[in-house]
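Below: one structure, written as structure tokens.
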Amino acid sequence: MSKQLEGLRILDLTNVLAGPFCAYQLAQLGADVIKIEMPGTGDLARQLGADPELNKLFMGTSFLAQNAGKRSVTLNLKREAGREAFLKLVQTSDAVIENFRPGVMDRLGLGYDALKAVKPDLVYCAISGYGADGPLRENPAYDQIIQGMAGVMSVTGDEQSAPLRVGYPVADTMGGITAAFAVTAALLKRERNGQGEFVDVSMLESTMVAMGWVVSNWLLANVRPSPIGNENMTAAPSGTFSTKDGLLNIAANRQSQYEALCNLLKCEQLIEDPRFKDREDRKRNRYLLKEELERALASESAAYWAKLFNQHNVPAGEVLDVPSILEHEQIQCRGFLQRFENVQGVNRDVQVVRAGFRYASGDPASQTPPPSLGADTHDILASLGYSEEAIANLEEAGTI
């Protein structure tokens, strides 16, 4: 296991997706991530997912997906005793991550300034929909709202279906991965100069950063982005094509790739066809070219063509569903999935995805399965010096 962040303690006060996804990346790198949850209910994601039975157990699939490797402590931060315990934890920690609306932590008396007073070199990361300032700062934000605001939906789909939501929570995910990067960079800076940091992550801006060329085409070329379905605006033939069996993505973006594609399909005449001879010609006549190519592609399956094209350096890949790609030999041989057996609170095996990168020194992985609600409260409070009697009193009062 990779342990680049071993020895660092992260307090995760986040809920649902962007924040928990951020902290999950840090946990896979060896950080001690302690998830702070409300007694009795915990992270809302515990009740979300496609399995109603797991939702009733407060171990919903949405929670299981991004909370392995963490420990769970229940603390009611609205109570003085809960805040006192939290501040003691802060003193032992390196970073705090929260995704409340701006101002919520300040109203609890636990904002950055208050925490910095007890831990001067603390890295504090606040993830919100729109950032810590600006006219929308207090607006509630959910993934689909951010997708719509950011322009993502305006370029997803085609002329008939757009605006269309991306089929997974891309804005939440981009916010989370951005926060993980920012927190890690701030911790590295602290190692060099001993200074803490306030990190302000905007899901809206994180999503727009990830849109890259779509934004720059408007900023630099004055071309308004528009939805073009499964076509690639920068080249042709580049998009999704029908075959005898299944859909195939082809990205013959270079002239040499286009010519190789035509030769492999025995459509050599298309190379010199004036409608398709150079890059701009093909872009102007992309749909005519698509018809020509699909007639040839109809003789074999997507799997057949994908193998043949890639053998000749023509980029191509089958269009797969989630079960198919998880069963694919590429994913299997890379050890992309991590399995935990007979997980407490679930009473079944749990598989989760790991990080999207590997290290030669050891792959990112979680050492423990996703925790049941409050599973580590007793042990962690005891490590802070709380006696058995004090912990019992906190429990009786509903603080933990």
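Between Asp158 and Leu264, what is the label-to-label distance in nm when each label sits 7 Å out along the Cα-to-Cβ direction?
Output for this residue pair reads 2.4 nm.
Just subtract the alpha-carbon distance of Thr368 and Gln144 from 0.36 nm times their residue separation and send over the number in nm, one decimal.
Result for the pair: 77.5 nm of gain on full extension.
Once you sort the root eigenvalues of the Cα gyration tensor of the stretch 322-400 as a ≥ b ≥ c, which label holds: rounded (a/c under 1.5), prolate (a/b larger than b/c) or oblate (the other case)?
prolate
Could you compute the FRET efficiency for Leu320 and Leu136, with r as their C-beta to C-beta distance and R0 at 41 Å, rounded to 0.05?
The computed FRET efficiency comes out at 0.65.
Project the alpha carbons of the stretch 238-318 onto their principal axes and report the range along each, largest first, in whole Å.
Between the extreme Cα coordinates on each principal axis of the stretch 238-318 lie 30, 22, 19 Å.
Say R0 is 22 Å: what FRET efficiency, to the nearest 0.05, do His312 and Thr240 get from their beta-carbon distance?
Once rounded, the FRET efficiency stands at 0.65.
Be a star and scan the stretch 82-116 for residues whose amide nitrogen sits under 13 Å from the point 7 Å along the Cα-to-Cβ vector of Phe198.
Residues 102-107, 110-116 qualify, since their backbone N sits under 13 Å from the label point.
Give the long-range amide H neighbours of Asp51: residues separated by 5 or more places, or on another chain, with amide H under 5 Å away, using H modelled in the peptide plane at 1.01 Å from N.
Long-range HN contacts for Asp51: Thr61.
For each of Tyr130, Tyr168, count neighbouring Cβ atoms within 10 Å of the residue's Cβ, then give the residues from fewest to most.
Tyr168, Tyr130
Add -39500 (n - 2.57) for each DSSP H run of 4 or more in the chain, then divide by its residues: what number comes out at 222 nm, to the nearest 500 deg cm²/dmol?
About -11000 deg cm²/dmol.
Pull up the cross-link candidates among the aspartates and glutamates for Lys307, meaning alpha carbon to alpha carbon under 16 Å and not fewer than 8 places away within one chain.
In chain and number order, the partners are Asp245, Glu318, Glu329.
Can you classify the stretch 103-190 as rounded, prolate or oblate using the Cα gyration tensor, where a ≥ b ≥ c are the square roots of its eigenvalues, rounded means a/c under 1.5, and otherwise it's prolate if a/b beats b/c and oblate if not?
Taking the square roots of the gyration eigenvalues as a ≥ b ≥ c, the stretch 103-190 is prolate.
Cα to Cα, under 20 Å, and not fewer than 8 places away if on the same chain: which lysines meet these conditions relative to Lys189?
Straight-line reach from Lys189, under 20 Å: Lys3, Lys116, Lys119.
By its C-alpha gyration tensor, with a ≥ b ≥ c as the square roots of the eigenvalues, how is the stretch 224-382 shaped: rounded for a/c under 1.5, else prolate for a/b larger than b/c, else oblate?
prolate
Per residue of the stretch 69-76, in order, report the coupling 6.51 cos²θ - 1.76 cosθ + 1.60 (Karplus, θ = phi - 60°) as ³J(HN,Hα) in whole Hz, putting x for Gly and Pro.
x, 9, 10, 10, 10, 9, 9, 8
With contacts defined as alpha carbon pairs under 8 Å and 6 or more residues apart, what's the relative contact order of the stretch 238-318 in percent?
With pairs under 8 Å counted, the relative contact order is 43 percent.
How large is ³J(HN,Hα) for each residue in the stretch 81-88, as worked out from phi by the Karplus curve 6.51 cos²θ - 1.76 cosθ + 1.60 (θ = phi - 60°), to whole Hz, x for Gly and Pro?
Working through the residues one at a time gives 5, x, 5, 4, 5, 5, 4, 5 Hz.
Output the relative contact order of the chain, whole-number percent, from Cα pairs under 8 angstrom with separation of 6+ residues.
Normalised by residue count, the contact order of the chain is 20 percent.
Using the scaling law 2.2 N^0.38 Å as the reference, what is the normalised Cα Rg of the chain?
Relative to the 2.2 N^0.38 Å estimate, the chain comes out at 1.18.
Nearest 20 debye, what's the magnitude of the dipole of the stretch 159-295 about its Cα centre given +1 on Lys and Arg Cβ and -1 on Asp and Glu Cβ?
The calculated dipole for the stretch 159-295 is roughly 100 debye.
Per residue of the stretch 90-100, what does 6.51 cos²θ - 1.76 cosθ + 1.60 with θ = phi - 60° give for ³J(HN,Hα)? Whole Hz please, x for Gly and Pro, Karplus curve as stated.
Each residue of the stretch 90-100 in turn: 4, 4, 9, 10, 9, 8, 10, 10, 9, 10, 6 Hz.
Rounded to the nearest 5, what % of DSSP beta bridges with both residues in the chain are antiparallel?
Counting only bridges with both partners in the chain, antiparallel ones make up about 35 percent.
Note the full-extension length gain between Ile271 and Ala382 as 0.36 nm times their separation in residues minus their Cα-Cα distance, in nm to one decimal.
So the extension gain works out to 32.6 nm.
For an R0 of 30 angstrom, estimate the FRET efficiency from the Cβ-Cβ distance between Leu337 and Val209 and round to the nearest 0.05.
Result of the calculation: an efficiency of 0.55.
For the stretch 340-400 and the stretch 129-197, compute the distance between their C-alpha centroids and round to whole Å.
When both Cα centres are located, 27 Å separates them.
Rule-based calculations on the coordinates, nothing more; no lab input. It should be emphasised that the depicted structure is a prediction, and the values quoted were computed from it without experimental measurement. Positions of Cβ are generated from backbone atoms using ideal geometry, with glycine treated the same way; all protein chains shown enter the neighbour counts.
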